[in-house]
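Here the structure is laid out as structure tokens; the discussion comes afterwards.
What follows draws every value from the coordinates through simple rules; no lab data is involved. The structure displayed is predicted, hence computed values, not measured ones. Cβ coordinates were reconstructed from backbone atoms using ideal geometry, including for glycine residues, and neighbour counts include every protein chain displayed.
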Amino acid sequence: MELTMTEKQSKDSHAPGSEGGGSGKHVELAGAFDIRTFIGALIGLFGLIVLLTGLFGFSPEEAAKTGGVNANLWAGIAMIVFAALFAVWSKVDPIRFVVQDNAEGAEEERDFAALD
């Protein structure tokens, strides 16, 4: 059973070591810093380059090498679809983490913890 963000927050506020009431705690999303965003963007860029190579660079010599199949075209399409799936995945299931204020006198202003 998947917990909603509110249920996860209330579950986390009762976790051992958490301060009562959850004061100074809030949940943030990784957003653009999600690794899936970088991977999807790079694969999408490479896929676009390979797709354009397949569209404009397919010659009879290339066809002879691959048995008539435009491999660059199909590989580019597959890479763009894969990049789109990564983008959808990062939007549907974003990475969340709990940010809370540290105790007074701590070296860091805020403390980050993964939200499971």
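In nm, to one decimal, how far is the modelled label at A41 from the one at R96, with both set 7 Å along Cα→Cβ?
Using points 7 Å along Cα→Cβ, the separation is 2.5 nm.
Which whole-Hz couplings ³J(HN,Hα) result when phi for each residue of segment 42-48 is put into the Karplus expression 6.51 cos²θ - 1.76 cosθ + 1.60, θ = phi - 60°, listed in order with x for Gly and Pro?
5, 5, x, 5, 4, x, 5
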